[in-house]
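Peer 1: The structure follows.
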């Protein structure tokens, strides 16, 4: 089966080869394991970009293949980040508290350690007790499991409610957006137990790895992100190939028809929605230790819409398109907003890209939607001769799928 | 006896025309007392001064209280003083200038605090009877702000002579408020409390609440019979046992419980050779072991014994804890409590009315923000994520017009049509350039309009900056319509409510009564059939979209009047607007109205449960909507039959 899968999908091998080459190249150019051409902060940017590529793959799976335009996948990404952030912050604070308590003549009781950690973490929001959701924060395996399970469970409940009542299309998009808004508003409250709008910070300091320089840590995270992306890509490619994938694509193209053929459309959609939420959460788990800070603003609906923008620009319905889109747009975006792009002097007005980048992105997005719905990946279609027939002219029948003038001539 | 009377009458006849001298005379007659006044003896003199009717008396008293009254050593005359650098400027008691004198020539009178208090009370009477009504009103306000028992007598004295009916009513009300709190006779206080009924005034509640103020006290056994007990507290049911014990400790009725910090300090102080009470220090890393070590120290007598749980229970058993009224008279507290209960019932009703008004105005804001969407999304089924930015454009148009036209009334009247024009133009341009090409691809319309939305937001940020810009409402919209101390609504909110109604009417009129509305409905139902009837669907779509966008622009001006205008203004409303349309039922304006009402009332209702947290209210509201759509996926008012489309 695996043999058949790979030979049917040569693009997976090409993608994996490019990813391996990229990881190797970055390692050789890094400060920790190579000639030091790339700064540690740039290696971190690359590592983060790989995580964004992973969530873009998830988004492509749910939108490009299953046709569910979810405007909430960044919420799952952020939730994953919060879960791992809780462990990072707890474990790190525990180290600090233990060091300071070691100076006292009596050995510390577990309660004292707990209180010390709570005061350290929640002093910002004026609380000194550890909320119930931090119960397992001390344990990495539990917290890692929760990082995947909680977003998965949320997606399962939300998806079950939404798909069950046949909410589809734009209504579903708006509903997911509302869900994301509700979640971020909830996290903005100080009594949500996750430090309100302060968010969780200091996540780049990995507990127990104080002796290891950030240069090495950043490369390790790059490797982990690359491995996660590779696995996620293979899993996604495997999902969309074969019979299961055909059903998924069928649902995208005509949900009613698939339902009448006897498939449980809701089940398929729920599976894809939950699975991609979990992939998004894994991407978040790897992203936020590299970013160092997470706050509710990261979860706001706008982030999820940007995710859709990346996938659309890269090219929907092709997994490599999503990766290209996420990598291209996020890197170009950080180049423009980082102030490194040269100003454009128009004589009467100097265009500073820090201010105008979003305008350019918005315009580019409109143009891509209008004139290049296949995105950047559409360019590859020219080489693989995947171009669909040109369907110009007026339709000859009442339905969307009816023959059109040019087709009838052929 | 008769001679005295005659003398008195003669004196009266003599002094009345010469009232101006009377104040001076009183002072001179009682010089010894005035020079060395005491709280016990000075009263009659101050009263005499106050009752003299001499216009100078007020200024004399005021000067006296502020150490501005002195004796000239040369002739012993009373003078008014103003201190300068090294001398005094002198005036006589009527205020006429007497030149200046060196400091050594004058004895300054320094009344003590008690005397100054008496003088101040006497002065209140003057201001309360001042010929200027404004000053009388000021005096009333200052007494009401800071009521004291001293003010009661002068206030009562001034009521009869009050000529202004409004001020008289105010004085009578204040008199009853003061009687309620400070009258020595309990019956009078109870009567004063009863006289208000269920009045909603804030001043009444502010007066009643201190009467019911309680403190938590504890005694061994039972309280003595005369104590005015509000409520006996049973530890365990009325308040936690730990808290109850803390009250006993605070009143030194029981020894303090051992806190963990104290225990830790005690253990640390008693480390002997690496162990405490026989337990090695290294083992003291759990609370149980520490307790054992402390007990060992206790039995050795090195640390004072701490209350054990059994002792705590026994102490609580043998003591009574109660909330005790600060006010000793049970009649008064009972009357006050009854009055407050009556008030709180009425207050609850009024608060419900106020909440309803708030919810109505929030609903009309949501309706205004959503009505444009009810056209573009509800009728045309075009998802326009840039709808919020049209609202923002309208608000910024209002801001720019206000920059150019300083008169706020004119500028608002100009801004409304201009905002419509700007948003209409933007909407038409967007329809022609983008939306028309994506007719069959609704998801992509969503994305493309989102691209426009971020671009427009950023452009607004580049032009107007990131800080909030004010949109000032005209003066006649300032202030609020106040029904009583509880129920009020600001005029801006009324204006927005009226505007929402106007737009509802406008929408209905356009859709049901005009040629355009007929064509719009035809094109929405079946574009091909409409086209074959001679309607140009492209033109109609363009106009409809422009209309919806233009209304969003006007809504922007209205919203800008009470919210700050920023580039993110539209962002705050877009999700709620879509929710309003979806919850109400796509395609029905009445549905949008119902949706706005539902969301507005719901949000205010949730806020009422937890007033400090509007974020939580929004969160729960969205969750409710997600659940609501489970049960009515097509909204409150669902279109049926062919009009429902898919």
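Each value in this text was obtained by applying a stated rule to the coordinates, not by laboratory testing. Note that the coordinates shown come from a computational prediction; the quantities given were computed from them, not determined experimentally. Here Cβ is always computed from backbone atoms with ideal geometry, including for glycine, and neighbour counts include all displayed protein chains.
Peer 1: Using the 10 angstrom Cβ neighbour count as an exposure proxy, how do B:567, B:237 rank, fewest first?
Peer 2: Ranking B:567, B:237 by Cβ neighbours within 10 Å, fewest first, gives B:237, B:567.
Peer 1: Could you work out how far apart the two model spin labels at residue A:243 and residue B:213 are, taking each label as a point 7 Å from the Cα in the direction of the beta carbon, and quote it in nm?
Peer 2: 8.1
Peer 1: Could you calculate the FRET efficiency of residue A:260 with residue A:351 from 1/(1 + (r/R0)^6), where r is the beta carbon distance between them and R0 is 51 Å, rounded to 0.05?
Peer 2: Given R0 = 51 Å and the Cβ-Cβ separation, E is 0.40.
Peer 1: Same structure again: Take peptide B:366-373, look around each residue's Cβ out to 10 angstrom, count Cβ atoms belonging to other protein chains, and average those counts.
Peer 2: Whole-number average of other-chain Cβ neighbours for B:366-373 is 0.
Peer 1: Label residue B:285 and residue A:104 with points 7 Å out from Cα along Cα→Cβ: what is the distance between them in nm?
Peer 2: 1.4
Peer 1: Counting only DSSP beta bridges with both residues in the protein assembly as shown, tell me the antiparallel percent, nearest 5.
Peer 2: 95
Peer 1: How high is the FRET efficiency between residue A:227 and residue B:501 when r is their beta carbon distance and R₀ equals 51 Å, given to the nearest 0.05?
Peer 2: In this case the efficiency is close to 0.25.
Peer 1: Can you divide the C-alpha Rg of region B:19-117 by 2.2 N^0.38 Å and report the result to two decimal places?
Peer 2: Region B:19-117 yields a ratio of 1.01.
Peer 1: I need A:82, B:396, A:171 ordered by Cβ neighbour count within 10 Å, fewest first.
Peer 2: Taking fewest neighbouring Cβ atoms as first place, the list is A:171, B:396, A:82.
Peer 1: How crowded by other chains is A:359-366, given as the mean number of beta carbons from other chains within 10 Å of each beta carbon?
Peer 2: What the average comes to for A:359-366 is 6.
Peer 1: Rounded, prolate or oblate: which fits region B:541-631, taking a ≥ b ≥ c as square roots of the Cα gyration tensor eigenvalues, rounded meaning a/c under 1.5, else prolate when a/b beats b/c?
Peer 2: The shape class here is oblate.
Peer 1: Then there's this: What FRET efficiency, computed as 1/(1 + (r/R0)^6) with R0 = 45 Å and r the Cβ-Cβ distance, is obtained for residue B:138 and residue B:421, rounded to the nearest 0.05?
Peer 2: It comes out at approximately 0.30.
Peer 1: Related question: Can I get the semi-axes of region B:129-211's equivalent ellipsoid? Compute them from the C-alpha gyration tensor as square roots of 5 times the eigenvalues, in angstrom, largest first.
Peer 2: The equivalent ellipsoid of region B:129-211 has semi-axes of 21, 13, 12 Å.
Peer 1: Using only Cα atoms, what is the ratio of the radius of gyration of the protein assembly as shown to 2.2 N^0.38 Å?
Peer 2: For the protein assembly as shown, the normalised Cα radius of gyration comes out at 1.29.
Peer 1: With contacts defined as alpha carbon pairs under 8 Å and 6 or more residues apart, what's the relative contact order of chain B in percent?
Peer 2: In percent, rounded to a whole number, it is 13.
Peer 1: Once fully extended, how much extra length lies between residue B:403 and residue B:220, figured as 0.36 nm per residue of separation less the alpha-carbon to alpha-carbon distance?
Peer 2: Between residue B:403 and residue B:220, full extension yields an extra 58.5 nm.
Peer 1: Hey, for a label at residue B:564 modelled as a point 7 Å past Cα toward Cβ, could you say which residues of region A:182-210 have their backbone N under 15 Å away?
Peer 2: From region A:182-210, the list is empty.
Peer 1: Indicate the gyration tensor shape class of region A:1-157 (rounded, prolate or oblate), computed on the Cα atoms with a ≥ b ≥ c the square roots of the eigenvalues: a/c under 1.5 is rounded; otherwise a/b larger than b/c is prolate and the rest oblate.
Peer 2: Oblate, since a/c reaches 1.5 and b/c is not below a/b.
Peer 1: Sequence gap at least 6, Cα distance under 8 Å: using those rules, report the relative contact order of chain A to the nearest whole percent.
Peer 2: Relative contact order of chain A: 28 percent.
Peer 1: Could I ask something else about it? How far apart, in nm, are the 7 Å Cα→Cβ label points at residue A:220 and residue A:33?
Peer 2: According to this spin-label approximation, the distance is 1.2 nm.
Peer 1: Percent relative contact order of region B:397-550, based on C-alpha pairs within less than 8 angstrom and at least six residues apart?
Peer 2: With pairs under 8 Å counted, the relative contact order is 31 percent.
Peer 1: Follow-up question, since we're still on this one. Under the rule a/c < 1.5 gives rounded, and otherwise a/b versus b/c splits prolate from oblate, where does chain B land using the Cα gyration tensor?
Peer 2: oblate
Peer 1: Right, something else. Grab the Cα-Cα distance for residue B:326 and residue B:630, subtract it from 0.36 nm times how many residues apart they are, and report the gain in nm with one decimal.
Peer 2: 103.9 nm
Peer 1: Across peptide B:452-462, how many C-beta atoms of other chains are within 10 Å of each residue C-beta, on average?
Peer 2: 5
Peer 1: Hey, another quick one. In whole Å, what is the distance between the alpha-carbon centres of region B:27-103 and region A:163-240?
Peer 2: Centre-to-centre distance over Cα atoms comes out at 81 Å.
Peer 1: Fewest to most neighbouring Cβ within 10 Å: what's the order for A:186, B:387?
Peer 2: A:186, B:387
Peer 1: Using only Cα atoms, find the angle between the long axis of helix B:515-525 and the longest principal axis of chain B, and express it within 0 to 90 degrees, rounded to the nearest 10.
Peer 2: 70
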